[in-house]
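Worksheet: one structure, shown below.
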């Protein structure tokens, strides 16, 4: 399913009509991989030539085609994309069973787990000096909370954040828990129903 | 969010009792419980279809029981 959303284009200062896609297939994901990797390679080459290498996104090695081809057809694993002018601006893969809350008062209650979430490299300040679209990650995360509400999980979501993204998740009001040795010692972040309600307002 | 379609579901009293119990235990609506069950049933069926097996493991007895799915 596709629905129209609005993105802020920071290059022009205008708001533009974009599309939110519920469910993407492996072909779509491969196109995004190709586009993102090509862009990133060009930026890395430019940065190398200028003598100031860029901070490569920690998720640069993710291959969305593989992820979506493996589980994208299962209801348990919703996928989504934000698209502008035919190009994927951000992608997300969720898991909707088998993950439970750790927050006090919520322990053991089901939540939506954000398995993978990434913005296109041209939207990342670590890659380009002037990122293109603002709010792609926030919109995807909002969709994760919406999914949680829709499934009866009251907005609870959880995720393991890459180091470069920790400030983003803390900034939108998620609680950081401990490092998880089962997940490469990444910090675990969780959003309670109350935090979700505040985030959606 | 995907558009929804509506259906009528007829359950026996015993089935409704189970659904109500799960709904209460999980703090989810009956619709949410059934939608979640469908998600699980799909993933289990998909894994069995490619030759995987579905086990419950008893940590204490160190015993594995295979679950047979329709």
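Observations, loosely collected:
- The lone exception for residue A:173 - which of (1) more than 14 Å from chain B (Cβ to nearest Cβ); (2) surrounded by 18 or more Cβ atoms within 10 Å (Cβ to Cβ); (3) in contact with a helix residue (DSSP H, G or I) (Cβ under 6 Å, 6 or more places away or on another chain) it fails: (2)
- Here is the figure for region B:35-64: residues that are away from chain A (no Cβ under 14 Å) and touching a helix residue (DSSP H, G or I) at 6+ places or on another chain (Cβ under 7 Å) total 0.
- When residue A:160 is tested against (1) at pLDDT 95 or above; (2) more than 14 Å from chain B (Cβ to nearest Cβ); (3) not in a strand (DSSP E or B), exactly one condition is not met: (3).
- Residues that are within 14 Å of chain B (Cβ to nearest Cβ), outside any helix (DSSP H, G or I) and at pLDDT below 95 were ranked within region A:112-152; the one that is surrounded by the most Cβ atoms within 10 Å (Cβ to Cβ) is A:151.
- For residue A:109, the criteria (1) within 11 Å of chain B (Cβ to nearest Cβ); (2) buried (at least 20 other Cβ atoms within 10 Å of the Cβ); (3) at negative phi hold in every case but one, which is (2).
- The sole residue among A:98, A:137, A:108 that is touching a strand residue (DSSP E or B) at 6+ places or on another chain (Cβ under 9 Å) and under 23 Å from residue A:43 (Cβ atoms) is A:137.
- Looking across region A:85-97, just one residue is in a loop (DSSP other than H, G, I, E, B), in contact (Cβ under 8 Å) with a residue 12 or more places away in the chain and surrounded by fewer than 23 Cβ atoms within 10 Å (Cβ to Cβ), and that is A:97.
- Scanning region B:1-19 for residues that are touching a helix residue (DSSP H, G or I) at 6+ places or on another chain (Cβ under 9 Å), away from every other protein chain (no Cβ under 14 Å) and either under 30 Å from residue A:107 (Cβ atoms) or surrounded by fewer than 11 Cβ atoms within 10 Å (Cβ to Cβ) (or both) yields a count of 2.
- Residue satisfying all of: in region B:23-34; part of a helix (DSSP H, G or I) and either in contact (Cβ under 8 Å) with a residue 24 or more places away in the chain or within 11 Å of chain A (Cβ to nearest Cβ) (or both); farthest from the chain's Cα centre (by Cα) among these: B:25
- From the list A:88, A:118, A:101, A:18, the one residue that fits, being touching a helix residue (DSSP H, G or I) at 6+ places or on another chain (Cβ under 7 Å) and under 27 Å from residue A:158 (Cα atoms), is A:88.
- Residues located in region A:42-62, provided they are assigned to a loop (DSSP other than H, G, I, E, B) and loosely packed, with under 14 Cβ neighbours inside 10 Å: A:51, A:52, A:53, A:55, A:61
The values are calculated or read from the model by the stated rules, or taken from the named source; none is laboratory data. No experiment lies behind these values; they were computed from the predicted model shown. No Cβ is skipped: glycine too gets one built from the backbone with ideal geometry, and neighbour counts run over all protein chains shown.
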